[in-house]
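Data first, discussion second: the structure below is written as structure tokens.
The values are calculated or read from the model by the stated rules, or taken from the named source; none is laboratory data. Fair warning: this is a prediction, and the values are worked out from it, not measured in the lab. Please note: Cβ atoms are built from the backbone with ideal geometry, for glycine as well, and neighbour counts cover all protein chains shown. Just so you know, the surface numbers come from the protein's heavy atoms only, side chains and all, with ligands and any DNA or RNA stripped out. Shrake-Rupley method; radii C 1.70, N 1.55, O 1.52, S 1.80 Å.
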Amino acid sequence: METPEILNQLQTIFRSVMDNEDIQLTDTTTAIDVEEWDSITHIQLIVAVEKFFKIKFNAAEIRAFKNVGELASTIKSKLA
Amino acid sequence: MENLFQHILDRITELNPMHGKKLKKSVKSLGPDYFNKAEEFYQKYNRILFSSGKTIEFGIDCYLHMCNDMMFEQLRFMETGKYSNTSFDEVNKNVYDNPAVMEYHMNGLLMSEMLWHHHYKVYSFFKENFNHHLPSIARYLEIGGGHGLFTQEAVNDLPNAIIDVVDISKSSIELSKQFVSGGSVNYYLKDVYEYNPEVKYDFIVMGEVLEHVEDPVALLKKLHSLLNENGKAFITTPTNAPTIDHVYLFRNRKDVVDIIEKAGFEVYVESCIYAEDLPPETAEEMKITMMYAAFLKKK
Ligand SMILES: C[S@@+](CC[C@H](N)C(=O)[O-])C[C@H]1O[C@@H](n2cnc3c(N)ncnc32)[C@H](O)[C@@H]1O
């Protein structure tokens with residue numbers, strides 16, 4: 001799966017978890033840009049991402065996500 | 001620093017915006033009394049850090065490290081419905097007896113005492129009810145005192161009592177020695193199962209230890225044996241709280257109360273507080289932690 005496609009999927013997942021259809025994601029989106037993105041929705045988000053892409057993150061990977069781009073590139077490397 | 005507590009909230013938000021947001025939301029509902037207490041608490045902690053050449057930045061770092069561990073544990077817990085640890089000995093080796101881990105973990109936990117509304121509420125619940133017991137306490141014991149927050153209350157409120165603390169972790173005892181001021185406390189570096197004093201106690205506090213052992217009934221029976229016939233105990237334990245050092249899973253209040261009663265105790269005051277402010281279905285689905293706290297007497 002290519003990065004734009006992953007981003008697109010992530011956007012769908014974010015919108016559904018945060019219950020907000022207006023969320024627009026880019027590589028540089030962080031929790032500062034999305035009001036509903038707090039430590040609780042983050043867990044729901046990771047659960048949904050793991051389920052959708054059928055992957056599992058380890059503790060270090062989860063700690064390292066600084067923005068959506070990093071999340072997408074970790075997903076990409078896991079799918080490869 | 002003028003307002004250390006606000007600085008801590010801001011700094012956490014800077015380092016971990018997701019977590020900072022949640023904290024800021026959750027402390028909003030607590031009254032002005034809370035903010036004063038929190039400020040006093042962190043000023044004190046800051047002085048302790050300063051005396052060992054550290055700053056509050058160290059505490060914040062430990063706290064976020066602990067939160068990251070917890071987030072990962074929670075993720076796996078939501079999937080498996082189980083805690084990742086099953087063995088006390090493993091946890092003892094990897095955590096209590098491992099200064100590199102225990103130092104950040106216990107400092108992180110200390111930081112959480114005023115940052116988490118459920119920790120603050122349990123602490124207030126304890127203070128309020130503990131007051132009524134003071135005249136009857138000549139000998140006080142704390143099991144797994146950890147950082148020493150409750151021990152400090154005992155020292156403040158019981159100037160003439162004997163105050164003993166038993167903890168299996170050297171790191172915990174060292175932190176408690178720094179944190180607790182005024183009064184004298186006797187520390188015993190031991191597994192509580194190996195602690196056999198000659199005289200029994202009038203009051204025993206055991207905060208967040210029950211979930212750390214494989215057989216919580218046996219632990220409460222041990223506590224029972226250390227307590228006078230008319231003695232009272234205060235215990236706390238979280239349900240659904242996956243953490244690097246939790247072994248025994250309590251799923252709900254009933255799980256805890258069943259075990260308390262099996263060990264020969266009766267609950268006479270209790271408090272249940274959810275860790276997150278969420279709609280009940282979401283709390284249920286995400287298996288959100290609930291803090292259970294109770295005063296116990298012998299049946
Ligand atoms: C989570 S901390 C609790 C700290 C504090 N009492 C509180 O309520 O926040 C658990 C403490 O119990 C200690 N502990 C765990 N198992 C123990 C055992 N079998 N005997 C004595 N101490 C134990 C640990 O070393 C740690 O300091």
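Going through B:243, B:237 one at a time, which residue ends up being within 14 Å of another protein chain (Cβ to nearest Cβ) and within 16 Å of the ligand (Cβ to nearest atom)?
Numbers: B:237 fails: within 14 Å of another protein chain (Cβ to nearest Cβ).
The conditions single out B:243.
If you check residue A:78 against the conditions, is it in a helix (DSSP H, G or I) and more than 7 Å from chain B (Cβ to nearest Cβ)? Show your work before the answer.
Details: in a helix (DSSP H, G or I): yes; more than 7 Å from chain B (Cβ to nearest Cβ): yes.
Answer is yes for this residue.
Does residue B:63 satisfy the condition of being within 14 Å of chain A (Cβ to nearest Cβ) and not charged (D, E, K, R)? Spell out how you get there, then give the answer.
Numbers: within 14 Å of chain A (Cβ to nearest Cβ): yes; not charged (D, E, K, R): yes.
Yes.
Which condition number in (1) within 19 Å of the chain's Cα centre (by Cα); (2) crowded, with 21+ Cβ neighbours inside 10 Å is the one that residue B:155 fails?
(2)
As an exercise: evaluate residue B:218 against (1) of a type in the set (Gly, Ala, Ser); (2) over 30 Å from residue B:86 (Cα atoms); (3) open to solvent by 20 Å² or more (accessible area, probe 1.4 Å) and give the number of the one condition it does not meet.
(2)
With respect to the numbered conditions (1) more than 7 Å from the ligand (Cβ to nearest atom); (2) on the phi > 0 side of the Ramachandran plot, which one is the sole condition not fulfilled by residue B:165?
Tallying (1) more than 7 Å from the ligand (Cβ to nearest atom); (2) on the phi > 0 side of the Ramachandran plot, residue B:165 fails exactly one: (2).
Of all residues in region B:189-215 being within 12 Å of the ligand (Cβ to nearest atom) and among the charged types (D, E, K, R), which is most open to solvent (accessible area, probe 1.4 Å)?
B:194
Using beta carbons and a limit of 9 Å, which pairs, at least six apart or on different chains, have the first residue in region B:109-123 and in contact (Cβ under 8 Å) with a residue 60 or more places away in the chain and the second one among the basic types (Lys, Arg) and open to solvent by 20 Å² or more (accessible area, probe 1.4 Å)?
B:114/B:37; B:120/B:37
Have a look at B:90, B:39, B:57 and point out the one that is buried (at least 17 other Cβ atoms within 10 Å of the Cβ) and of a type in the set (Asp, Glu). Steps first, answer last, please.
Details: B:90 fails: buried (at least 17 other Cβ atoms within 10 Å of the Cβ); B:57 fails: buried (at least 17 other Cβ atoms within 10 Å of the Cβ).
So the residue among B:90, B:39, B:57 that is buried (at least 17 other Cβ atoms within 10 Å of the Cβ) and of a type in the set (Asp, Glu) is B:39.
Pairs please, first residue from region B:187-202 and basic (Lys, Arg), second anywhere and outside any strand (DSSP E or B) and exposed (fewer than 13 other Cβ atoms within 10 Å of the Cβ), Cβ atoms under 9 Å, 6+ apart in sequence or on different chains.
Taking only residues 6 or more apart or on different chains, the pairs are B:200/B:225.
Quick test for you: out of A:13, A:23, pick the one residue that is in contact (Cβ under 8 Å) with a residue 12 or more places away in the chain, more than 14 Å from chain B (Cβ to nearest Cβ) and more than 10 Å from the chain's Cα centre (by Cα).
Checking each option against the conditions leaves just A:23.
What is the number of the single condition among (1) crowded, with 17+ Cβ neighbours inside 10 Å; (2) modelled with pLDDT of 95 or more that residue B:171 does not meet?
For residue B:171, the failing item is (2).
For region B:274-299, how many residues meet the condition of being in contact with a helix residue (DSSP H, G or I) (Cβ under 9 Å, 6 or more places away or on another chain), closer than 30 Å to residue B:229 by Cα and part of a strand (DSSP E or B)? Break it down stepwise before answering.
Step one: filter region B:274-299 for residues in contact with a helix residue (DSSP H, G or I) (Cβ under 9 Å, 6 or more places away or on another chain), giving B:274-278, B:282, B:285-296, B:298-299.
Checking which are closer than 30 Å to residue B:229 by Cα leaves us with B:291-296, B:298-299.
With part of a strand (DSSP E or B) added as a condition, the list becomes B:291-296, B:298.
Number satisfying all stated conditions: 7.
Yes or no: residue B:183 more than 12 Å from the ligand (Cβ to nearest atom) and outside any helix (DSSP H, G or I)?
yes
Mind checking which residues of region B:253-299 are touching a Lys or Arg at 6+ places or on another chain (Cβ under 9 Å), aromatic (Phe, Trp, Tyr) and surrounded by 15 or more Cβ atoms within 10 Å (Cβ to Cβ)?
Correct list: B:265, B:292, B:295.
Table: residues versus (1) more than 11 Å from the ligand (Cβ to nearest atom); (2) surrounded by fewer than 21 Cβ atoms within 10 Å (Cβ to Cβ); (3) farther than 22 Å from residue B:216 by Cα.
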{"position": "B:94", "(1), (2), (3)": "yes, yes, no"}
{"position": "B:97", "(1), (2), (3)": "no, yes, no"}
{"position": "B:104", "(1), (2), (3)": "yes, yes, yes"}
{"position": "B:108", "(1), (2), (3)": "no, no, yes"}
{"position": "B:113", "(1), (2), (3)": "no, yes, yes"}
{"position": "B:122", "(1), (2), (3)": "no, no, no"}
{"position": "B:128", "(1), (2), (3)": "yes, yes, yes"}
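Looking at region A:1-64, what helices (runs of 4 or more DSSP H) fall wholly within it and have at least 3 residues that are open to solvent by less than 30 Å² (accessible area, probe 1.4 Å) and within 22 Å of residue B:69 (Cα to Cα)? Full working, then the answer.
Working: elements: A:3-18, A:39-53, A:59-64.
Where helices (runs of 4 or more DSSP H) fall fully within region A:1-64 and carry at least 3 residues being open to solvent by less than 30 Å² (accessible area, probe 1.4 Å) and within 22 Å of residue B:69 (Cα to Cα), they are A:39-53.
For region B:69-167, give me every one of the helices (runs of 4 or more DSSP H) that falls completely inside it and has 2 or more residues that are small (Gly, Ala, Ser) and within 26 Å of residue B:47 (Cβ to Cβ).
So the answer is B:99-115.
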